[in-house]
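The next block holds one structure in the form of structure tokens; read it before the comments.
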Amino acid sequence: MTRKIGVIGVGHVGSTAAHYIVANGFADDLVLIDKNEEKLHADVLDFQDALSNLPFHTNIIENDYSALADADVIISAVGNIKLQDTPKVDRFVELPFTRDAVSEVAQKIKESGFHGVIIAITNPVDVITSLYQKITGLPKNQVIGTGTLLDSARMKRVVAEKFDVDPRSVSGYNLGEHGNSQFTAWSTVKVMDQPMTKLAKENNLDLDELDHDSKYGGWLVFHGKKYTSYGVATAAVRLANTVLSDAHTELPVSNFREEYGVYLSYPAIVGRQGIIKQCQLDLTDEELDKLQNSANFIKEKYQESLDALK
Ligand SMILES: NC(=O)c1ccc[n+]([C@@H]2O[C@H](COP(=O)([O-])OP(=O)(O)OC[C@H]3O[C@@H](n4cnc5c(N)ncnc54)[C@H](O)[C@@H]3O)[C@@H](O)[C@H]2O)c1
């Protein structure tokens, strides 16, 4: 069976994701779409120049929405990252641009007849994921945001450094908004099979400080190079592969939770149809309050976006 992935928005993040896919042979067909036709054409040629030295072949299709009709997955990395370069540490500064860009792109995806899974990276990702679902009309389980899959990886980096272990030796989640209202749910975090809450006491670690470092970890990267790319592209491609291989993997992604009435990050089982099953965590009362707060914030911003698009 042919594996077909579309990447829309081939800037810093989209091109990094595309390179990861091409270099590892994760797709047979890769559809690349961007408004900046000259830059996109240069990237397509550059990828084609890589093919003769790679162990895999990828068919690359350029700026053709109709080619998405039978794609399995679309990754959205549409955006304008320069807008984030302000003293504000707030992903919502990009929303007036991405709201309009995504409503145009989502309409074209719908017209293409696409019926696979959308993976949104575009920020602010929880609101944008909701817009993709609403405009394409795809079932909610088929529209996912990378959400706190990246923030959970940042938390794992921060915690792993404290214990001198591989980040993959840390389990647990950052939940809620991929933004300032997210939080590390410490009741879910384990290292060396020990609860982090216990280890923090024994090792005199300040959990609020670690939460802060993982939440704002992306801004450290951003301030150094004015964009972030490898962490998020790796998360998005992992999700795409999880869908393609129908892996049924538990991942913290932005998915629609009925009880909150909004897209937010909470672990779910991901497979061929997108969200296969939703998980249920045993969170503390304090964590539940933080999650509700994050949900309220996303809901308010989503409603504002819908009003602006009217
Ligand atoms: N969710 C996350 O964890 C996460 C992490 C990093 C970046 N992001 C977001 O991903 C997006 C992309 O980031 P970037 O650094 O690659 O930005 P970028 O500005 O380098 O690239 C964005 C690309 O989108 C294209 N584009 C814009 N409007 C378009 C449209 N209507 N149709 C087709 N293409 C269009 C642009 O031409 C550009 O090539 C941004 O919204 C950014 O905030 C999210």
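The values are calculated or read from the model by the stated rules, or taken from the named source; none is laboratory data. Quick caveat, the model's predicted, so the values are computed rather than measured. Virtual Cβ from ideal backbone geometry, glycine too; neighbours counted across all protein chains shown. Surface areas here come from the heavy atoms of the whole protein model, side chains and all, with no ligands, DNA or RNA. Shrake-Rupley method; radii C 1.70, N 1.55, O 1.52, S 1.80 Å.
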Does V93 qualify as being free of Cβ contacts under 8 Å to residues at least 12 places away in the same chain, closer than 30 Å to A308 by Cβ and assigned to a helix (DSSP H, G or I)? yes
Of the conditions (1) in contact (Cβ under 8 Å) with a residue 60 or more places away in the chain; (2) crowded, with 18+ Cβ neighbours inside 10 Å; (3) in contact with a Phe, Trp or Tyr (Cβ under 7 Å, 6 or more places away or on another chain), I144 fails just one. Which one is it? (3)
Restricting the stretch 24-61 to residues that are within 16 Å of the ligand (Cβ to nearest atom) and in a loop (DSSP other than H, G, I, E, B), the one most open to solvent (accessible area, probe 1.4 Å) turns out to be K35
Would you call V159 surrounded by 18 or more Cβ atoms within 10 Å (Cβ to Cβ) and either assigned to a helix (DSSP H, G or I) or more than 9 Å from the ligand (Cβ to nearest atom) (or both)? yes
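Scan the stretch 215-235 residue by residue and report those that are within 14 Å of S152 (Cβ to Cβ) and either touching a strand residue (DSSP E or B) at 6+ places or on another chain (Cβ under 6 Å) or within 8 Å of the ligand (Cβ to nearest atom) (or both). Steps first, please.
Step one: list which residues in the stretch 215-235 are within 14 Å of S152 (Cβ to Cβ), which gives 215, 217-218, 231-232, 234-235.
Answer for the stretch 215-235, where residues must be within 14 Å of S152 (Cβ to Cβ) and either touching a strand residue (DSSP E or B) at 6+ places or on another chain (Cβ under 6 Å) or within 8 Å of the ligand (Cβ to nearest atom) (or both): G218, G231, V232, A235.
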Residues that are without any contact (Cβ under 8 Å) to a residue 40 or more places away in the chain and open to solvent by 70 Å² or more (accessible area, probe 1.4 Å), at least 1 per element: which helices (runs of 4 or more DSSP H) completely within the stretch 181-281 meet that? 196-202, 207-215, 217-225
I'd like to verify a number: residues in the stretch 163-195 that are in contact with a strand residue (DSSP E or B) (Cβ under 6 Å, 6 or more places away or on another chain) and at positive phi, how many? 2
Among A18, A106, which is the only one that is closer than 22 Å to D246 by Cα and either free of Cβ contacts under 8 Å to residues at least 60 places away in the same chain or of a type in the set (F, W, Y) (or both)? A18
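Taking the stretch 135-156, which residues are of a type in the set (K, R) and either more than 14 Å from the ligand (Cβ to nearest atom) or within 21 Å of R99 (Cα to Cα) (or both)? Outline the logic, then answer.
The first filter runs over the stretch 135-156 and keeps only residues of a type in the set (K, R), leaving 140, 154, 156.
Hits for the stretch 135-156 are K140, K156.
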Has the stretch 98-111 got any residue that is touching a Lys or Arg at 6+ places or on another chain (Cβ under 9 Å) and more than 11 Å from the ligand (Cβ to nearest atom)? no
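For V102, are the conditions met, namely being of a type in the set (V, I, T), surrounded by 22 or more Cβ atoms within 10 Å (Cβ to Cβ) and in a helix (DSSP H, G or I)? It would help to see each step written out before you state the result.
Working: of a type in the set (V, I, T): yes; surrounded by 22 or more Cβ atoms within 10 Å (Cβ to Cβ): yes; in a helix (DSSP H, G or I): yes.
Spelling it out, V102 is indeed of a type in the set (V, I, T), surrounded by 22 or more Cβ atoms within 10 Å (Cβ to Cβ) and in a helix (DSSP H, G or I).
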If we scan the stretch 135-144, do we find a residue that is under 14 Å from L251 (Cα atoms), part of a helix (DSSP H, G or I) and either modelled with pLDDT under 95 or of a type in the set (K, R) (or both)? no
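Condition (residue is under 16 Å from the mean Cα position of the chain (by Cα) and within 29 Å of Y20 (Cα to Cα)) applied to the stretch 161-174: is it met by at least one residue?
Quick first cut of the stretch 161-174, residues under 16 Å from the mean Cα position of the chain (by Cα) only: 173-174.
Those left that are additionally within 29 Å of Y20 (Cα to Cα): 173-174.
Yes: the stretch 161-174 contains one or more residues that are under 16 Å from the mean Cα position of the chain (by Cα) and within 29 Å of Y20 (Cα to Cα).
When you look at S171, is it open to solvent by less than 30 Å² (accessible area, probe 1.4 Å) and among the polar types (S, T, N, Q), yes or no?
Numbers: open to solvent by less than 30 Å² (accessible area, probe 1.4 Å): no; among the polar types (S, T, N, Q): yes.
No.
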Whether any residue in the stretch 62-84 is open to solvent by 70 Å² or more (accessible area, probe 1.4 Å), closer than 20 Å to A18 by Cβ and in a helix (DSSP H, G or I) is what I want to check. yes
For the stretch 117-127, does any single residue satisfy the condition of being surrounded by 24 or more Cβ atoms within 10 Å (Cβ to Cβ), more than 10 Å from the ligand (Cβ to nearest atom), within 19 Å of the chain's Cα centre (by Cα) and in a helix (DSSP H, G or I)? yes
